[in-house]
Amino acid sequence: MNQHLLDPSWLARLERMQMASRKAVSGSQAGKRRARQLGSSMEFADFRAYVPGDDLRQLDWNAYARSGKLFLKKYLDETELHVNLYIDCSRSMSYGQPNKITRAVEIAAALGYLSLCHLDHVSVYAFDSRITAALTGLQGKSQAHRLLSFLSSLREGGAGDIQTAMRQPGAVRGKAGTSIVLSDFLFESGYTEGIAYLQAARQEVTLVQVLSKEELSPEYAGELRLIDSETGQAKEASLTSLLMEEYHKSLQDYQRELSAFAYGRGIAFVSVEAEQSLESIVFHVFRQAGLIR
């Protein structure tokens, strides 16, 4: 197992957790989640009157003793969840120490690993303005090494455009599921249409914004030459206290806008700092936000 992405001492804790889904799921294979259809788990769902041909082992003899009528106990089935992890590998994600891609990949490793341990289907997509790499259809803990090897291979790409990337053929799996987008959401072309496209594909979407501490609270002053990491364009700027106040206000407005967009569409939204420890993000921030349990 790749020890650069996940601390081996956390694996047992991750295995006891699972992705939270706000919806009952429907799948075609056995898993560890409650499904819409009735099945064979230990969780009671309802009674049903007996009809000839039913399995006699499911008869509720206590109900028969009380009513003199034959009823069957029905139980909720357990099935798998389709978990799709989208990692923004555009140039702006290479910023910070550790850079944002590194932290996003580690988060994806943790979420992917715990999902595999619960027999969920896991697919991972790296994107900038297109899907640059994908690993789909993993299921079962035995696939963890493939997941971690793939994640370890991801590198910085080109300029980001989630609107275009999500519309590429193969960017969204056909089955309903949970999609988690790990990004700084600093796209020139915006993000609303790309996220809406995911929702239209029956995805329960979670947005995880990863920003560096230096982006949140820059401590620059004086005459500087600023270079856009996405386009490479340079601009001379005189960073006064007034300009830095404007920067802080613009950033806060942008984050409020992103949060309001998510809330308005029933999307979970979490913002983390790249400098936060992975342990803190997964075991505290995500649990408090209800993304995992």
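Scanning the range 258-293 for residues that are β-branched (Val, Ile, Thr) and over 19 Å from Ala200 (Cα atoms) yields Val270, Val272, Ile281, Val282, Val285, Ile292.
Just to verify a result, which residue in the range 57-95, among those that are more than 27 Å from Gly140 (Cα to Cα) and modelled with pLDDT under 75, is most open to solvent (accessible area, probe 1.4 Å)?
Going residue by residue through the range 57-95, those that are more than 27 Å from Gly140 (Cα to Cα) are 57-74, 90-95.
Then drop every residue that is not modelled with pLDDT under 75, which leaves 57-58, 72-74.
Details: Arg57: 204, Gln58: 71, Leu72: 2, Lys73: 70, Lys74: 41 Å².
Here the residue is Arg57.
Of all the listed residues (Glu215, Glu204), the sole one being touching a Lys or Arg at 6+ places or on another chain (Cβ under 7 Å), closer than 26 Å to Ala108 by Cα, open to solvent by less than 60 Å² (accessible area, probe 1.4 Å) and in contact (Cβ under 8 Å) with a residue 40 or more places away in the chain is Glu204.
Applying the criterion of being in a helix (DSSP H, G or I) and over 22 Å from Leu186 (Cα atoms) to the residues of the range 240-277, the residue that is least open to solvent (accessible area, probe 1.4 Å) is Ser241.
Taking residues in the range 98-122 that are closer than 11 Å to Ile87 by Cβ, and partners anywhere that are among the small types (Gly, Ala, Ser) and buried (at least 24 other Cβ atoms within 10 Å of the Cβ), the pairs with Cβ atoms closer than 7 Å and at least 6 places apart or on different chains are Lys100/Ala274; Arg103/Ala274.
Here Pro169, Pro98 are screened, and the one residue that is closer than 24 Å to Glu279 by Cα, open to solvent by 10 Å² or more (accessible area, probe 1.4 Å) and in a loop (DSSP other than H, G, I, E, B) is Pro98. When the residues of the range 176-194 are filtered to those that are surrounded by fewer than 17 Cβ atoms within 10 Å (Cβ to Cβ) and in a loop (DSSP other than H, G, I, E, B), the one that is modelled with the lowest pLDDT is Ala176.
Name every residue in the range 106-127 that is open to solvent by 10 Å² or more (accessible area, probe 1.4 Å) and either outside any helix (DSSP H, G or I) or among the β-branched types (Val, Ile, Thr) (or both), in order of residue number.
Selection gives His118, Leu119, His121.
Taking interchain pairs and intrachain pairs at least six residues apart, which have beta carbon atoms under 9 angstrom, with the first residue in the range 221-247 and of a type in the set (Val, Ile, Thr) and the second open to solvent by 60 Å² or more (accessible area, probe 1.4 Å)? Close Cβ pairs satisfying both conditions: Ile227/Gln233; Ile227/Lys235; Thr231/Arg91; Thr231/Glu188; Thr240/Ala221.
The values are calculated or read from the model by the stated rules, or taken from the named source; none is laboratory data. These figures come from a predicted structure and were not determined experimentally. Note: ideal-geometry Cβ built from the backbone for every residue, glycine included; neighbour counts use all protein chains shown. Note: areas computed on protein heavy atoms with side chains; ligands, DNA, RNA excluded. Shrake-Rupley method; radii C 1.70, N 1.55, O 1.52, S 1.80 Å.
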